[in-house]
Amino acid sequence: VLCSDGSSTNQGGSFGFVAATTTGKRLVKGHGPAPGSVANSFRSEAYGVLAAMRWLYRITLHEDRQPGSSIVHYLDNRAVIARIEHTMKRRYVIPNWKLKPDQDVIDEIVHTLQLLPVPIEFKWVKGHQDSTGSRSTLSLEAQLNCEADSEASRHPPQSNHQWKVTSLSQTRCQFILQQRT
């Protein structure tokens, strides 16, 4: 089970992710910056998914045991789930589609999903469920979402936010305008 979350302010974005077994044993937690010319929740959430998928990909390269028959990845952003699923269904490249905001991150996620030896199912989970009660009483996916949110806040947005984004492997070209990608 994976869960990721993102956070953004005027100063930048960040992400967090958590991996666990279906019995709740935590395997790994991570966090980091979500670079981009416009810091927004969508991009931060997408970077959380990307980080979790890249971690999973690296683990599957070096492990003799492969994950189970499928993995569920929870996140609290339906728009990110919809864009990933829509991009995965595309059978041909539409050049203007690549100009959509944050499509570089979505394309990198989809590319990584194609490399994984196990299918990933994306599911929505309601965010911030710990604001009304104890985390320990929540479902596993809600607990993981709260932990991913905490991870995202561990990487506070800073004034040195990366407005110029390093090209991801599936990004063939970028526009840089006024020192922003």
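The values are calculated or read from the model by the stated rules, or taken from the named source; none is laboratory data. The model shown is predicted, which means the values in this text are computed figures rather than measured ones. Using ideal geometry, Cβ is built from the backbone for each residue, glycine included, and neighbour counts are taken over all protein chains shown. Note: accessible area is taken over every heavy atom of the protein model, side chains too, but ligands, DNA and RNA are not part of it. Shrake-Rupley method; radii C 1.70, N 1.55, O 1.52, S 1.80 Å.
Per-residue answers, yes or no, for (1) over 13 Å from the mean Cα position of the chain (by Cα); (2) surrounded by fewer than 14 Cβ atoms within 10 Å (Cβ to Cβ); (3) among the polar types (S, T, N, Q); (4) farther than 26 Å from Arg172 by Cβ:
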{"site": "Ala39", "(1), (2), (3), (4)": "yes, no, no, no"}
{"site": "Tyr47", "(1), (2), (3), (4)": "no, no, no, no"}
{"site": "Ala52", "(1), (2), (3), (4)": "no, no, no, no"}
{"site": "Arg78", "(1), (2), (3), (4)": "no, yes, no, yes"}
{"site": "Lys89", "(1), (2), (3), (4)": "yes, yes, no, no"}
{"site": "Tyr92", "(1), (2), (3), (4)": "yes, yes, no, no"}
{"site": "Val118", "(1), (2), (3), (4)": "yes, yes, no, yes"}
Item to complete: Test Leu113 against the criterion of being touching a Cys at 6+ places or on another chain (Cβ under 6 Å), under 15 Å from Ala52 (Cβ atoms), at pLDDT 95 or above and surrounded by 12 or more Cβ atoms within 10 Å (Cβ to Cβ), and give yes or no.
Response: no
Practice prompt. Go through region 117-131 and give me each residue that's part of a loop (DSSP other than H, G, I, E, B) and not aliphatic (A, V, I, L, M).
Written response: Pro117, Pro119, Lys126, Gly127, His128
Discussion item. Being at pLDDT below 80 and over 19 Å from the mean Cα position of the chain (by Cα) narrows it down to one residue among Gln129, Gln162, Gln174; which is it?
Written reply: Gln174
Fill in: Filter pass, Ser169 being more than 13 Å from the chain's Cα centre (by Cα), in a helix (DSSP H, G or I) and within 16 Å of Tyr47 (Cβ to Cβ)
no
Worksheet item: If you check Ala82 against the conditions, is it assigned to a helix (DSSP H, G or I), surrounded by fewer than 21 Cβ atoms within 10 Å (Cβ to Cβ) and not basic (Lys, Arg)?
Response: yes
Response to the item:
For region 132-159 the number of residues that are modelled with pLDDT of 75 or more, open to solvent by 40 Å² or more (accessible area, probe 1.4 Å) and assigned to a loop (DSSP other than H, G, I, E, B) is 4
Discussion item. So the check is Cβ under 6 Å with 6+ separation or different chains; which pairs have a first residue in region 128-141 that's in contact (Cβ under 8 Å) with a residue 40 or more places away in the chain and at positive phi and a second one that's aromatic (Phe, Trp, Tyr) and open to solvent by 50 Å² or more (accessible area, probe 1.4 Å)?
Written reply: none
